[in-house]
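Below is one structure, written out as structure tokens, with a few remarks after it.
The values are calculated or read from the model by the stated rules, or taken from the named source; none is laboratory data. Bear in mind that the values here come from a model prediction, so they are computed numbers and not experimental data. Glycine gets a Cβ as well: all are built from the backbone with ideal geometry, and neighbour counts include every protein chain shown.
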């Protein structure tokens with residue numbers, strides 16, 4: 001029988017509780033989404049009721065975790081509920097592995113006009129903004145070239161993206177790339193100067209969640225161009241950052257031109273990348289806390305099998 005379980009989804013909590021009761025062994029609940037917000041957001045409820053449901057779900061998760069083991073939280077903002085119920089926890093943002101990002105950063109001038117969006121191309125993740133930004137850049141005769149990874153959750157979403165492309169004249173300065181595995185993300189980003197994170201204001205967790213790509217952009221010294229929310233707050237602390245207003249794309253393009261022409265951009269991005277690689281990595285920030293949580297649960301007398 002396993003010494004412990006490490007589960008990764010809300011819907012597994014019930015089974016984990018059963019296993020804990022039977023085995024008397026601990027469970028680590030990996031909370032890598034704001035599940036309360038996520039599931040409550042799927043219900044056709046008024047805002048106040050939906051928020052109340054989210055709080056109930058958050059309390060259920062924390063209360064259950066306190067009984068069966070501990071939690072590995074993707075964000076510190078999740079911790080109050082777990083602390084309230086006495087559940088041990090550690091915080092592990094989706095930081096990249098330092099081993100995978102231990103590659104050189106190319107001179108900014110060699111990539112100054114190249115812009116990339118990695119991750120899913122869905123409406124809420126800003127797929128239409130990517131197309132509009134590329135189209136507007138082409139209309140203005142700017143030298144920027146845009147790339148996006150062709151990651152669609154289903155055929156319907158891919159078809160919707162094609163419709164957006166067509167509606168904006170199929171800009172020729174936008175190229176779709178095949179998605180790459182995690183160990184190839186850093187080499188891909190080497191060739192780009194600007195990284196886009198375009199969550200729409202209507203995305204339910206825009207003020208809470210930071211997409212993994214934002215951490216990856218920071219580690220590779222990209223200028224992060226992002227819409228307001230949690231991504232913008234992180235980016236301002238860890239990169240050269242441009243705030244993108246979905247209603248004013250010209251302002252973002254002008255800011256990108258200004259950054260590309262800056263005399264200090266080479267050193268500015270190098271400093272930020274060095275800092276990100278030292279303070280926002282899995283090995284340096286997340287692994288020690290998770291190791292300590294495992295050790296604490298192993299030593300917890302509640303989780304000893306009956307003789």
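Being assigned to a helix (DSSP H, G or I) and without any contact (Cβ under 8 Å) to a residue 24 or more places away in the chain narrows it down to one residue among 262, 278; which is it?
278
Could you say which residue among 293, 257, 253, 249 is surrounded by 13 or more Cβ atoms within 10 Å (Cβ to Cβ) and touching a strand residue (DSSP E or B) at 6+ places or on another chain (Cβ under 6 Å)?
On the way: 257 fails: touching a strand residue (DSSP E or B) at 6+ places or on another chain (Cβ under 6 Å); 253 fails: touching a strand residue (DSSP E or B) at 6+ places or on another chain (Cβ under 6 Å); 249 fails: touching a strand residue (DSSP E or B) at 6+ places or on another chain (Cβ under 6 Å).
After ruling out the rest, the residue left standing is 293.
Report the residue count in the range 26-60 for those that are farther than 16 Å from residue 71 by Cβ and either assigned by TED's automatic domain parsing to the domain that holds residue 208 or assigned to a loop (DSSP other than H, G, I, E, B) (or both).
Here the count works out to 6.
Considering the range 5-28 alone, what residues qualify as being closer than 19 Å to residue 301 by Cα and crowded, with 17+ Cβ neighbours inside 10 Å?
Hits for the range 5-28 are 5, 16, 19, 20, 23, 25, 26, 27, 28.
So is residue 80 touching a residue at least 40 places away in the same chain (Cβ under 8 Å) and surrounded by fewer than 21 Cβ atoms within 10 Å (Cβ to Cβ) or not?
Spelling it out, it is not the case that residue 80 is touching a residue at least 40 places away in the same chain (Cβ under 8 Å) and surrounded by fewer than 21 Cβ atoms within 10 Å (Cβ to Cβ).
Where in the range 137-225 are there helices (runs of 4 or more DSSP H), lying wholly inside it, with at least 3 residues that are more than 30 Å from residue 74 (Cβ to Cβ), out of contact with any helix residue (DSSP H, G or I) (no Cβ under 6 Å at 6 or more places or on another chain) and modelled with pLDDT of 95 or more?
The qualifying helices (runs of 4 or more DSSP H) are 155-167.
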